[in-house]
1. I'd like the full set of residues that are in contact with a helix residue (DSSP H, G or I) (Cβ under 8 Å, 6 or more places away or on another chain) and either in a loop (DSSP other than H, G, I, E, B) or free of Cβ contacts under 8 Å to residues at least 12 places away in the same chain (or both), limited to region 169-188.
2. In this structure, is GLN61 modelled with pLDDT of 95 or more and among the polar types (S, T, N, Q)?
3. Determine if region 46-65 includes at least one residue that is touching a residue at least 24 places away in the same chain (Cβ under 8 Å), touching a Gly at 6+ places or on another chain (Cβ under 9 Å), under 15 Å from VAL181 (Cβ atoms) and crowded, with 17+ Cβ neighbours inside 10 Å.
4. Filter region 100-134 down to the residues that are of a type in the set (A, V, I, L, M, F, W, C) and under 17 Å from TYR160 (Cα atoms) and list them by number.
5. So which pairs qualify, if the first residue must be in region 143-159 and surrounded by 15 or more Cβ atoms within 10 Å (Cβ to Cβ), the second must be assigned to a loop (DSSP other than H, G, I, E, B) and among the aromatic types (Phe, Trp, Tyr), the Cβ gap must be under 6 Å, and the two must be at least 6 apart or on different chains?
6. State all residues of region 76-103 that are in a loop (DSSP other than H, G, I, E, B) and either hydrophobic (A, V, I, L, M, F, W, C) or in contact with an Asp or Glu (Cβ under 9 Å, 6 or more places away or on another chain) (or both); if no residue qualifies, say none.
7. Which one is farthest from the chain's Cα centre (by Cα) among residues in region 45-97 that are among the β-branched types (Val, Ile, Thr) and within 18 Å of ARG163 (Cβ to Cβ)?
8. With respect to LEU67, determine if the residue is at pLDDT below 95 and not in a loop (DSSP other than H, G, I, E, B).
Amino acid sequence: MSYDRLCEAVRMCEACPLGTQGRGVPGMYVGDEAPTMMVLGEAPGGVEVAQGKPFVGGSGQLLHSLLKEAGLTSYYVSNIAKCRPWVVRGKQQAPDKAAIEACAPFLRAEFDLIRPSKLVLLGKTAAKLVCEGNFAMKDVVNQTFEYKGIPTLVLYHPSYFLRSRTAPWSQKQIREWKGAVRLFLGDKAPVYQVERVLCPTHP
């Protein structure tokens, strides 16, 4: 399936009730070169549905900025669910199992189209591709796994940083986020030289 046909199919999909929330939002190429990296989030929000593109709202702008700072400028970005989930009391819910299963053919088509050599998963919904059971994000974040033979990095979704922007540990987690991406891209882990201190009593 070509990219244009995939986009058309996603926009017209009504395979689950979320199709009533507005048109589906297909994935998007970022950068000039043919991407070998795929970045997957949870689902589009209201801004994404309005513009028809993924990750163009506040969390999307933060995502692109963080990835650029980490050295990644060419990638394909999309979501596990292509339609916006329900909003309850002003808060967008995570896509349910029915929505994820309905979007699974689109996700497979994206993998066939991009054939990524590496994969980044943002947030718990996306992380379920590689993490089974009832897991906590703090136990899997910044760690690498394998999805169908593809090296896969699990990260916090940028919206997590927006929600906790005033927390004292937020900047530390952002630095760790970018550091994990750099290592995933192939940078070597930093080596710090420890100064040798001689004890006059026990030389």
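The values are calculated or read from the model by the stated rules, or taken from the named source; none is laboratory data. Keep in mind that what you see is a predicted model, and the values were worked out from it rather than measured. So basically every Cβ, Gly included, is an ideal-geometry build from the backbone, and we count neighbours across all protein chains shown.
1. Once the filter is applied, which keeps residues that are in contact with a helix residue (DSSP H, G or I) (Cβ under 8 Å, 6 or more places away or on another chain) and either in a loop (DSSP other than H, G, I, E, B) or free of Cβ contacts under 8 Å to residues at least 12 places away in the same chain (or both), region 169-188 yields only SER170.
2. Taking the combined requirement at face value, the residue satisfies it.
3. The answer is yes, given that some residue of region 46-65 is touching a residue at least 24 places away in the same chain (Cβ under 8 Å), touching a Gly at 6+ places or on another chain (Cβ under 9 Å), under 15 Å from VAL181 (Cβ atoms) and crowded, with 17+ Cβ neighbours inside 10 Å.
4. Passing the criteria: VAL120, LEU121, LEU122, ALA126, ALA127.
5. The qualifying pairs do not exist here.
6. ILE80, ALA81, CYS83, ARG84, PRO85, TRP86, ALA94, PRO95
7. Ranking the qualifying residues of region 45-97, first place goes to VAL88.
8. no
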